Every structure is written in structure tokens, then in C-alpha cells.
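A short worksheet on the structure shown next.
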């Protein structure tokens, strides 16, 4: 490693150390350790299950057990790994643009950024444990030299997935930054929505199975998930005792990974060297943009928040990823639910999307002031009430999540019949009911533990570790509480309990939110001395 | 009538005074230059007077109102261009001006009309639709000034308004401010390091050094027959000798790769 690259690594280490020993650093450090402590037992439990499955598959050698252990496990692992990395996982990376000035090869900087981002990531430890479980299960079933080849396959799988995620993140940030693509995506979404309504009302192809029959080529889509596809092909042969037959697949994996990494780096470098795009805000020849048809002091705040959210790549990604995830669920999971499971169980994917639309954008409610930068000063310079500032943020975010929920519901509605009215009402009540609880708790976290965040999804953390831990607790408690009506509805076989229960919980949340908002507004005012240097980026 | 009056205004950071027992007197309609060397407490003072920072002790009356008790009423009547600016960089210039006006209580139509007028005055019409993040530093300064003026403030705080912008932009901003003060529409309180510009535009001066107000009065009183620079150096310290050392910069030498330069190579 060159001295310059060592200096980069040292810089990362020192900055991390300063952050942990600086203001609020102890809390951050404790949160990181707590996240690792949470990841380890959880990972160990899943690893044990994977180990048992692998042990059975290796003992069987061929057949259904091998198919499950090779295909389902790796595709499942890859899918969750990618989804988590793209959405809730917010590990820190190096900003390539800031290092281009130094005489160090940008490729090495990029590689160091990827590696060091993984080193401090509790979720990376979770995946590593799962892969260890597979290796341990195989070793117990059939000890031998072939385990080295399996270890190589697992390492290649991990590397391939990391590079795949990097490529996806870079590609998405380019694609979503293009106004032309965004506008066409919106047109497509509207067409899709109209098509969905026509399909549901008109009784046109109502299941993914029928769509698959029309387009058998869909099975080729597995190669879009090449990290899992290559590994599954190699592992099938390894479990069957054909180590030599696995090598071509491993070579293919290595080649595809190298290509993906190279491409991801090329895209990142191009973006870093591209500078500001000089993009017009759009909407008006003189840039005054769209306006909200509301008056009063909160109108300006609300409009600013709306524009900020819609211009943030995370919001755009939510509009793409949430429908994709719900589409996957509608395609792969929903058809497996037997009819005798009942209406409530069949409506769970729709309810899941309602909750997921809040969770996906948790960075916005856990670090609500993180993107203000210098503009945060204006929130204290202008004659504004702190409570109004927070309320505007919450209201704008609620609008965004409602839109994301609507987009995410489309694939589920297309895949099945129109859900019963109680299910639709329930989903809307669940979405609206969770918002005040999440936003009230999020406001407190945002004011007490803010962090300057960049306008990107792939670089820099947008939520501090302590806030991330708080978010985990908040989401767990709120979703746990909102799951109670489901259990009650299932037990009493009374689906109508869901909209009624969730509406009642939402009303209680609204009351609690209003009570908390005034106090949180005062807290925002009181904490301005500590908050501004952090949010404005002076300490970033 | 005083636009700003402070009494024992103090701010401590970790027990150390950044501003100590400040007794400012800024007459209404004055063009007040608040000067001091780096770290003297200028920005801290402005932050306290505009509500960005809470004083550790003392009090301030701004436009006749107690800042601690009537903060919102004071904020509505002042405009501020703070150090580091206060711009939402993901809004376009036109959006920033209009929304800024709305945040200060203007109705949407008035804010929009004034924003268009301000863009003309600041010569930013061609860039009105670009995001603020893509503006040059000088353009951002001009836009920040426009934002500070859009609601028609009675008192304007400017923290280093001439820093990092070219001479043409400095002249434009100077002319606009002088015109507004001459019309009697505004009191201006500004900090700056550009003494020659300050000397040409201010009517009153305060010099702060190590957190304490060292001098205050009209320009003539503070300069006492000399120049503002002389008065400033007299308060803030004599000219310093150039730093010693830096011997490797003394003459043309090969770079470190070819010549093994750097501290090790000199031993």
C-alpha cells in the first residue's frame, strides 16, 4: 500500500476517532456497539438455520433439498442483502470527489472506500455470519478439501454482491438525477396506475402466473441477479461432489464482479469529475416553480419542504424501489398464500407496503434537519415558530409517503383481485395512523441528535448511528403496536376491526403528536446553539 | 433613537469569553461598521443580535424591543446576511427569494412580485431558474442580500458581505446599500475586513478586540484625524514580521520525488 493510500486510511481512522470522542460521540460509539451486539445473535440464529439446511443438502447431494439450499438460499440472501444495502443500510463511504485532488489512483480510493465502509457496518457482520453458517454446515456434513472451493465461492458471492450494490447505487444516482428520466418514469407510473385500474375493473389478466405464461422469458430474469445465479450454479455442483464443474461458474462470477466493480468505479468517477449539473429547478421559465394553493405562514415552509423532498434522490429511489419490492412480493409470495388462510392474511402485503413506505424514508423523519445546511440558519433568523418548522416537515413527508404507498400498492392490486373495502380502508388507516407516532418520535430524535447529510443516497451517512438505533426501536415499537389489531382480527375473525383499530390508534397518535409538537418546537429553539454548527456542516 | 443597544452582552464558549460585556450603541439610520481582527467576536456578536446564538449574560434591545422577550417581533423587522449565508441550496434563486419572503410573513403574490423585482436589481434574472447550489460565491452573496431585503427590513445585519466577491460586485452592493441608507429606509450593521471599502461607506464604527469593544463612535471620532486602517492597527496590534522558517520554499528546487525534498532531505 502506498504512503498516500495509507494516509487516506489514517485520515478515515482519525476522523472516525474524532467523531467518537467529539460532541455526542460517546452516544454514537455506544450505538454502534449496540448495533453490532444486535446483529451478532440475530446473525447467529439465522446462520444456524442455514447451516442445518446446508448440512441436509450436502448429505443429499442432489434433489429438492439441494435446489432449496443452493437456489432459494442464495437468491434470498442476495435479494435481502441488496434491498437492505439500497434502502435502510446507510454505511459511510469515501467521497471520491474530495480525494481527486491528491496524487493517488482514484480506483484505489474507491476500493478503500468500499472496504472501509464495510468494516464498520454491523449489517455486513450479519451477512458474514450467515455465510459462515453455510460453510460450517457443509464442513460438518462432508469434511474435505472441497470446502476451500466452497469458501472461495462464498467470498466471491460476498464480493459480487457488494460490487453489484455499488453499481446499482451509482447507476441509480445517475439515472434518477436526470430530469428526462424522472419525467418519463412519472408518465410510466401514471400509465401503470391507469392500466392497473382498467385491469382490475375489467377482469383482464389478474395474476402474475398468467403474465408469466404470456412471457416465459421472465425466467431469464434470474441472471439480472447474477451474484446469486453464479453462486447457486457453482454450489449445486459442489454439493453434488463435482468440484471441477464448479470452477467455470466461479470464474464467471469473478469476471462479472470485476466488470461490475470497474463499471461502478467508472460511473462514480465520471460523476465526481462532472461537478454540478447546473440543472434548472424546472416548472417555470423563471424558476419560481410550482406553488402550493395554501396561504398562511406555514405555506412557504411546506412548499420548501415539498420541493426539497421531491428533489432528494432517496425520495426518487423510494418511488422506484418500493413498487419493485411490492411487485416481487406480489409475484413470488402472494400466490403461495392458500385461500383458506383468510382475507386478513391475504391483505398483509398491502398493509406491509403501507408500513414500509414510512420505514423506507426513515432518514427524513430521524434526521429531519440534516439537509438544511446553511438554510438552517434561516429557520432561526426568520420569525418562525419551531413547532411550525417541524409540522411542515412532517406534513410534507406524510404526502411523500402517501405517494410512495400508492405506487407500491399498484403491483399488489394488479396481481390479485381488488381487495375488499375494509382492506383498502385498513391500509389507508394504517398508513395515516403510524405517521403521527413515527413523526413525533422522529422530531425528538432529529432535534436532539442531528447530523449534516449530503444530498445523495450512496455516500455519507444520512442518519447518525445513535439515531439509527433509536429508529430501530421506534419502528419496532410502532409496528409491534399496530400489529396487535391484526392478531385480534385473526383471532375474532373480524376483519373490520383493522380499519377501526388503526383509525383509533391514529387518532390517539394525532393527539399525542399535537401535545408533543409545541414542546419539540421549544426544544428546537433552545438547542439552536448546538444544532446549527452540526446541521450547517461546520462540524461535518 | 438607537437601533441597537446592548448592555453587558457576553458569550462564553467552554468558559472562555468570545464576547465580553459589550456596550454597543448603533443610532437609527446609521451605516455602522463593526470591525475587528479574526476571532475578535464580530460574528458571535451578530449571531447574538440576530437570535442565532443565546447570550451567556447581558441584554440587547433591537429597534427598541427587548431581544430576549420579543424575538419574533424583532426578527420580522430585521434582515440578515450571516457568515456562511442562510440559503436553501436546493431551491432555485427565484424560489429562494419568494419563499424567503413568505417565511417573513409576505403573502405569496407580494413575495413573488418582489422576488422578480429583486432578481432584476441583482442582475440574476438569467440565473433565476438555476439551483442555488450551482451559483458562484458572488452570486450567492448577492442572492443572500436580496433575501435579507425582500421583506423591507428596518435594520440590516451583514456579516462580511464583501468577502470572496469581485470588485464589480462589491461596487454594486456598496451602491445599493448606500442608496438605501441615504433614503433613510435602513440602518446597516456590517462587519468586514475590507477597510478601504468600509471607510468609504460607513458613518459609524465600532472596533472589537479579544471580545471587548475597544472603540466606538462616528467615523471621524474613531479615526481621530488618521485613516481607519491606522486606527484599526492601533487597536488590534502592530504589523507583524513575516514568519521564519519555510526554508524549502526559498528557491527553485526539484520536487520531493526527484530531489528527496521535505524536512528529511534537509538534514
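The values are calculated or read from the model by the stated rules, or taken from the named source; none is laboratory data. Keep in mind it's a predicted model, so treat the numbers as computed, not measured. We place every Cβ from the backbone using ideal geometry, glycine too, and count neighbours over all the protein chains shown.
Couple of notes before you dig in:
- The lone exception for residue B:66 - which of (1) surrounded by fewer than 23 Cβ atoms within 10 Å (Cβ to Cβ); (2) touching a strand residue (DSSP E or B) at 6+ places or on another chain (Cβ under 9 Å); (3) within 8 Å of another protein chain (Cβ to nearest Cβ) it fails: (3)
- Within the option set A:366, A:350, A:292, A:310, being within 14 Å of chain B (Cβ to nearest Cβ), at pLDDT 85 or above and over 30 Å from residue A:106 (Cα atoms) holds for one residue only, A:310.
- For residue A:453: the one exception among (1) in contact with a helix residue (DSSP H, G or I) (Cβ under 8 Å, 6 or more places away or on another chain); (2) more than 25 Å from residue A:331 (Cβ to Cβ); (3) in a helix (DSSP H, G or I): (3)
- Identity of the residue in the stretch A:466-499, farther than 30 Å from residue A:449 by Cα and in contact (Cβ under 8 Å) with a residue 40 or more places away in the chain, that ends up surrounded by the fewest Cβ atoms within 10 Å (Cβ to Cβ): A:493
- Per-region count, the stretch B:75-117, residues over 19 Å from residue A:301 (Cβ atoms), more than 8 Å from chain A (Cβ to nearest Cβ), modelled with pLDDT of 90 or more and surrounded by fewer than 24 Cβ atoms within 10 Å (Cβ to Cβ): 3
- All conditions in (1) touching a helix residue (DSSP H, G or I) at 6+ places or on another chain (Cβ under 6 Å); (2) at pLDDT 90 or above hold for residue A:322, with the sole exception of (2).
- Residue within the stretch B:1-18 that is in a loop (DSSP other than H, G, I, E, B), surrounded by 16 or more Cβ atoms within 10 Å (Cβ to Cβ) and more than 8 Å from chain A (Cβ to nearest Cβ) present: no
- Subset of the stretch A:251-289 (residues that are at pLDDT below 65 and closer than 14 Å to residue A:166 by Cα): none
- If you go through the stretch B:39-63 and keep only what is facing another protein chain (nearest Cβ under 9 Å) and assigned to a loop (DSSP other than H, G, I, E, B), you end up with B:51, B:52, B:53, B:54.
- Within the stretch B:161-195, the set of residues being surrounded by 18 or more Cβ atoms within 10 Å (Cβ to Cβ) and out of contact with any helix residue (DSSP H, G or I) (no Cβ under 8 Å at 6 or more places or on another chain) comprises B:181 only.
- Note on the stretch A:304-390: enclosed helices (runs of 4 or more DSSP H) holding 2 or more residues that are more than 21 Å from the chain's Cα centre (by Cα) are A:343-346, A:375-381.
- Index of the failed condition, residue B:151 passing every other in (1) within 14 Å of chain A (Cβ to nearest Cβ); (2) surrounded by fewer than 19 Cβ atoms within 10 Å (Cβ to Cβ); (3) within 17 Å of residue B:100 (Cβ to Cβ): (2)
- Residue in the stretch B:186-200 that is under 23 Å from residue B:111 (Cβ atoms) and out of contact with any strand residue (DSSP E or B) (no Cβ under 6 Å at 6 or more places or on another chain) present: no
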